[in-house]
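Here the structure is laid out as structure tokens; the discussion comes afterwards.
The values are calculated or read from the model by the stated rules, or taken from the named source; none is laboratory data. Computed from a predicted structure; not experimentally measured. Cβ coordinates were reconstructed from backbone atoms using ideal geometry, including for glycine residues, and neighbour counts include every protein chain displayed.
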């Protein structure tokens, strides 16, 4: 085997490890996968710009992209739908947002696509927990009181209409705490621990998209590879081992050039890309902030 072939094989091995270690920095144990319970129809969607800062131009740009699996308009619609009453986060559209973000990562090539497999495993865990909870309705009804107390007095009536433990962030935290499913010292299969891993990854993608939307500095647009690596170093790298950090940097080298991202969201130039991505980043930020607050209030930002 030649030098180039050996190097390619070594990189592949590193990336295979990365795909499984990505979110928690270590292969703690094997998670059983499950079938996805929520499928999206890939069609055309036109959405108005929720920020209101870019007017009709932003509305025009946020429309369906024919022939592509990733749809930025679907991503935005799920992010907006996830923002529930009383600063809560609805888990079904939240997980659907991740479905679209997985398609985004897979579109960037097989190396980055390996990373998305671990994220899919995490979303499947929460969906499986929700499915199991729905199969035990009597047990769910006993948790209405704790769900309402976490949701807040302003939305008690509305919250009581959704008795599923995994209906929202607040209900999941309340029920898992009351049932003793969250362990603050050891790794468990809890939805809270799993969501924390997704939450950390969401910050990485938010920062990457935010940087990708930036206007040129001194006439120079930095490469997506450089921006993604920088976003990673400021977020997920803080939770990863040295080995995983090195493997991640190898994956980022393979990112496509900026022109690819224009095609991915159906825009013509950096100005239009900035409008679209800034709208998405704003929506991600609201969901992220609500999740951050919910986890922080319950001391869950450092679950093992």
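Taken together, the criteria exclude residue 284 from residues that are more than 21 Å from residue 199 (Cβ to Cβ), surrounded by 20 or more Cβ atoms within 10 Å (Cβ to Cβ) and either touching a helix residue (DSSP H, G or I) at 6+ places or on another chain (Cβ under 6 Å) or without any contact (Cβ under 8 Å) to a residue 12 or more places away in the chain (or both).
So is residue 296 surrounded by fewer than 16 Cβ atoms within 10 Å (Cβ to Cβ) and at pLDDT below 95 or not? When the stated conditions are applied, residue 296 does not pass them. Evaluate segment 85-102: report whether one residue or more is within 20 Å of residue 289 (Cα to Cα), in a helix (DSSP H, G or I), in contact with a helix residue (DSSP H, G or I) (Cβ under 6 Å, 6 or more places away or on another chain) and modelled with pLDDT under 90. Yes, some residue in segment 85-102 is within 20 Å of residue 289 (Cα to Cα), in a helix (DSSP H, G or I), in contact with a helix residue (DSSP H, G or I) (Cβ under 6 Å, 6 or more places away or on another chain) and modelled with pLDDT under 90. Taking the conditions exactly as written (modelled with pLDDT of 95 or more, part of a helix (DSSP H, G or I) and out of contact with any strand residue (DSSP E or B) (no Cβ under 9 Å at 6 or more places or on another chain)), does residue 246 satisfy them or not? No, not satisfied. Of the residues making up segment 253-281, those that are touching a residue at least 60 places away in the same chain (Cβ under 8 Å), at negative phi and assigned to a loop (DSSP other than H, G, I, E, B) number 5. Total residues in segment 105-117 satisfying the condition of being assigned to a helix (DSSP H, G or I), under 17 Å from residue 224 (Cβ atoms) and more than 11 Å from the chain's Cα centre (by Cα): the figure is 7.
In segment 194-232, how many are touching a helix residue (DSSP H, G or I) at 6+ places or on another chain (Cβ under 8 Å) and either without any contact (Cβ under 8 Å) to a residue 60 or more places away in the chain or part of a loop (DSSP other than H, G, I, E, B) (or both)? Number of matching residues: 19.
Test residue 279 against the criterion of being surrounded by 21 or more Cβ atoms within 10 Å (Cβ to Cβ) and touching a strand residue (DSSP E or B) at 6+ places or on another chain (Cβ under 8 Å), and give yes or no. For residue 279, the condition - surrounded by 21 or more Cβ atoms within 10 Å (Cβ to Cβ) and touching a strand residue (DSSP E or B) at 6+ places or on another chain (Cβ under 8 Å) - is not met.
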